[in-house]
């Protein structure tokens with residue numbers, strides 16, 4: 001039996017014990033935002049694989065990914081609303097506007113996949129880690145910790161290596177346009193992450209923000225497709241199957257996990273942890289699509305993951321130490337600055 005989060009149903013005998021144990025385990029999992037965002041990033045790492053296998057145009061990919069995910073997310077949001085009440089109009093509009101940036105990101109990302117390969121395009125788009133850290137500092141005064149500052153150069157070297165700009169990459173045929181798409185989509189992705197994080201802050205809602213953002217992405221990609229062309233309204237098999245997998249695995253499961261954790265993590269840490277996705281995508285592209293990244297690209301993926309994980313774990317350890325009872329005042333003063341909640 002499934003036990004809703006925050007409640008415990010106990011029946012007689014072994015069944016009650018199993019329910020209680022399952023509920024406790026789920027609570028422990030849901031109270032680990034770093035783990036949640038890591039699992040979510042790993043979940044969406046298959047996204048570029050589904051995109052390539054579908055063979056759909058960039059606009060069609062963004063539109064059907066959002067459209068097919070929307071009914072499931074709306075159903076989850078309705079259940080959530082009965083438990084936690086309605087969200088404010090401002091929160092809903094912020095999430096919907098975030099979806100417009102998501103549509104731009106998805107369209108440009110699909111273009112970049114064709115130009116520089118699935119793995120490299122996904123890594124390159126994650127230049128968002130610099131943009132998010134900078135904007136969060138300027139707008140919300142979330143000063144990056146020392147761990148983040150130390151990790152950023154390592155991560156960015158990894159991004160440059162994995163993009164294929166250094167050495168010879170055999171994936172993709174147009175590296176310069178691909179890099180251009182990657183830069184613009186990194187900015188769009190950053191705006192999406194920050195607005196989605198803001199729309200779900202101080203709220204128990206998870207499915208609601210993702211549903212609103214997905215609705216915004218659906219409308220935006222539809223408008224782009226109708227105005228600029230490239231939208232096929234009648235996809236055929238097997239394209240629709242891969243797009244449905246993209247919608248359910250990435251847009252629903254992956255982003256529900258990520259959205260549940262972003263408000264509970266500093267913006268820089270959340271964006272760093274999302275770099276697990278492109279590094280995993282590089283490996284999946286080699287395994288499933290036959291892309292053969294160079295040794296430098298593999299090295300870049302390793303640096304990207306190692307830097308992100310090291311900074312995240314160091315920050316969590318610092319915050320746990322700073323919040324432990326009985327610390328001396330001098331130790332609190334020496335602790336790395338903590339971003340506001």
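Listing for the model above:
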{"quantity": "Cβ-based exposure ranking for 89, 264, in which fewest neighbours within 10 Å come first", "calculated": "89, 264"}
{"quantity": "Förster radius 22 Å - calculated FRET efficiency between residue 75 and residue 288 (Cβ-Cβ, nearest 0.05)", "calculated": "0.10"}
{"quantity": "Packing rank of 104-114, 241-251, 41-51, where each peptide gets the mean count of other beta carbons within 10 Å, highest leading", "calculated": "104-114, 41-51, 241-251"}
{"quantity": "Virtual spin-label span in nm between residue 201 and residue 42, 7 Å along Cα→Cβ", "calculated": "3.0"}
{"quantity": "Simple spin-label estimate for residue 35 and residue 240 in nanometres, 7 Å along Cα-Cβ", "calculated": "3.9"}
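Here, each number is a calculation from the coordinates, and none is a lab measurement. Quick caveat, the model's predicted, so the values are computed rather than measured. Neighbour counts are summed over all protein chains in view; Cβ atoms, including those assigned to glycine, are modelled from backbone coordinates with ideal geometry.
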